[in-house]
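For reference, the structure is listed below as structure tokens.
Values in this text are rule-based calculations from the coordinates and carry no lab data. Remember, predicted model here, so these are calculated numbers, not experimental data. Please note: Cβ atoms are built from the backbone with ideal geometry, for glycine as well, and neighbour counts cover all protein chains shown.
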Amino acid sequence: MAINTTPPPAIAALVPDSEGHGTVLRIVYAHHLDGETLAFQLFHRYVHRLQAGTQLPDEITRAEVMALLGAQGADCAEGWHSSANEPTEAASDEAWQWVRAQVTRLFPGLSWKVEPDRRMNIPGVDADKVADIVIRARPLASDVTRPATMFDPALTYYADGTHVVMRARGTERSGRTFGMAEGAASYAYQAVRWDDGGADLVAPHVLHRIESQTQDGLA
């Protein structure tokens, strides 16, 4: 049975601002995280550091994990949001193996994969990733544009079978869309089956439609 039951209401208290700017509302809230969901939170924090050339530490402490989760909660509460281009497969694989090791070391009794609806597909990790994406993806008969939110701009999801190109960090990869899937991010992901094989759930802001081109003046 899934453990992610509806959390209790947040606890709020009026406190002085730490920089002396007056009174602010301090909010304490509850989240239920299984092992994989916690690992993904760490993955999101560390993979781009790795790709930028910062070596991962041998170990992190439980206090550092709590600080990261606390900072994440504060960012969300204040409406801050940052997005980055998709990491490379090599960086993703190394970072995912590292965060799994950290979670199992720091929380050895934590259950793993008890919330399958919240699982994320990390590029290059699971051999059954494509089948998992196919199961999770919701078909799209036509293009859908979601309105902008306080976290994200308006995002467009393409109808199934649309030829698209992913442009991220100076690289390009093309494929065909086959639906969308909700994830841990504030937005949904577009499911893409790559022309060179495999599939991924891709952040919509790095995908662009490949328009039909004419050849020798003929459509």
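Structure notes:
- Paramagnetic label zone (point 7 Å from Cα along Cα-to-C-beta, THR104; backbone N under 19 Å) in the stretch 51-68: 57-62
- Taken along the Cα-to-beta-carbon direction at a fixed 7 Å, the label points for LEU56 and GLU172 span 3.2 nm.
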